[in-house]
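Here's the structure we're looking at; comments come further down.
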Amino acid sequence: MELLHLGEGRVLEFTVRGPEDGPVVLFHHGMPGSAVPMDSVLDSVTGKGYRVVTYSRPGYGASTASPGRTVADTAETCRLLMDHLGVHEYWVAGWSAGGPYALASAVADSERVSGVLLIASFAPYDGEGLDFVEGMGVQNHVLFGSGARGEQEQRAIVSQMAAIVRDSDPAELAAGMASLLPKVDAAELIGAYGVDNAAHMNHGLAVGEDGWLEDLRALTAPWGFDPADITVPVELWHGALDQMVPVAHGQWLTRRLPTVHGHIEGGHGHISLGVGRLGHKLDRLRSRTS
């Protein structure tokens, strides 16, 4: 892990892996998550020659919490990270809760971001015509409904869910998340991905749940930008069986992002859609910019 010092005592944790001369991809993790790279996800990317930058959003891992941060605020912090790394052109990828941050990067750093890859991304909480929680498993219904019950209740629910995630082995986690997992996702969670994901999330939650809480608030508040303003190519992939971020979110984004190519994959859920499959999806994105 490396640390970028942002001033006023704030730091951002990040890692870089892959060929030094490879095209650069900034990867926005899910919720909860961290800069810890997951081999089962990113080997398909570095194996195709990409250089991948991962980071911990504020409040996760060693990254300083930033209470009240918006999706756009975090994208601006990532722009500073890419300045620090001396990157002149890059692609962004976002999985799940990372999707809105990937879109925000395309606005915050429009001169350098060449394209956006979305994997099972959330749509805006106040999206016109979208029932945000329809089709989600019970845990996500509770999680995203917690904001209406006040800050103390929201923090308590996030803490309860973090206790399920933290230090659970993959089989225990699969059991604890049963309402969110179709069979294809449960199978991935008890395989190699489950081990990678445990290390990824445990690091993110090692010092507390501030990152998760701030992510939840940022996703359910105005994002700070209009997705319709994105002008670079967007490749969007969503699993038809997704019970964490239902397919209606992908369909909503497909209707409203002006440069999107949408792909709805039958037989895939939230996890199976991305494990070992991102490199090919990035190649498809790059082919639209060559």
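Couple of notes before you dig in:
- Tally, over segment 234-290, of residues that are polar (S, T, N, Q) and part of a loop (DSSP other than H, G, I, E, B): 5
- Answer from Ser114, Ser110 - the residue that is open to solvent by 10 Å² or more (accessible area, probe 1.4 Å), touching a residue at least 12 places away in the same chain (Cβ under 8 Å), outside any loop (DSSP other than H, G, I, E, B) and touching a Ser or Thr at 6+ places or on another chain (Cβ under 9 Å): Ser114
- Residues of segment 169-187 classified as in a loop (DSSP other than H, G, I, E, B) and closer than 15 Å to Pro246 by Cβ, total: 2
- Residues satisfying the stated conditions in segment 182-207, i.e. without any contact (Cβ under 8 Å) to a residue 40 or more places away in the chain and farther than 21 Å from Ile119 by Cβ: Asn202
- Val45 vs. criteria β-branched (Val, Ile, Thr) and assigned to a strand (DSSP E or B): no
- Candidates Ala123, Ala104, Ala148 - the one that is among the small types (Gly, Ala, Ser), assigned to a helix (DSSP H, G or I) and modelled with pLDDT of 95 or more: Ala104
- Gly262 touching a residue at least 12 places away in the same chain (Cβ under 8 Å), crowded, with 17+ Cβ neighbours inside 10 Å and under 25 Å from Val113 (Cβ atoms): no
- The combined condition, being without any contact (Cβ under 8 Å) to a residue 24 or more places away in the chain and out of contact with any Asp or Glu (no Cβ under 8 Å at 6 or more places or on another chain), is not fulfilled by Gly99.
- Restricting attention to segment 83-102 and to residues that are out of contact with any Ser or Thr (no Cβ under 9 Å at 6 or more places or on another chain) and of a type in the set (A, V, I, L, M), the residue that is nearest to Pro124 (Cα to Cα) turns out to be Ala93.
- Evaluation of Gly208 against (1) part of a helix (DSSP H, G or I); (2) within 25 Å of Tyr101 (Cβ to Cβ); (3) at pLDDT 90 or above; (4) not charged (D, E, K, R) (one fails), failing number: (1)
- Identity of the residue in segment 70-101, in a loop (DSSP other than H, G, I, E, B) and open to solvent by 10 Å² or more (accessible area, probe 1.4 Å), that ends up nearest to Trp237 (Cα to Cα): Ser96
- Total residues in segment 146-172, condition more than 20 Å from Tyr193 (Cβ to Cβ) and open to solvent by 80 Å² or more (accessible area, probe 1.4 Å): 6
- Being surrounded by 17 or more Cβ atoms within 10 Å (Cβ to Cβ), in contact with a helix residue (DSSP H, G or I) (Cβ under 7 Å, 6 or more places away or on another chain), polar (S, T, N, Q) and touching a residue at least 12 places away in the same chain (Cβ under 8 Å) is a property that Ser105 has.
The values are calculated or read from the model by the stated rules, or taken from the named source; none is laboratory data. For clarity, every value in this text was computed on a predicted model and none was experimentally measured. Positions of Cβ are backbone-derived with ideal geometry, glycine not excepted, and every protein chain shown enters the neighbour counts. SASA here: full protein model, heavy atoms, side chains in, ligands and nucleic acids out. Shrake-Rupley method; radii C 1.70, N 1.55, O 1.52, S 1.80 Å.
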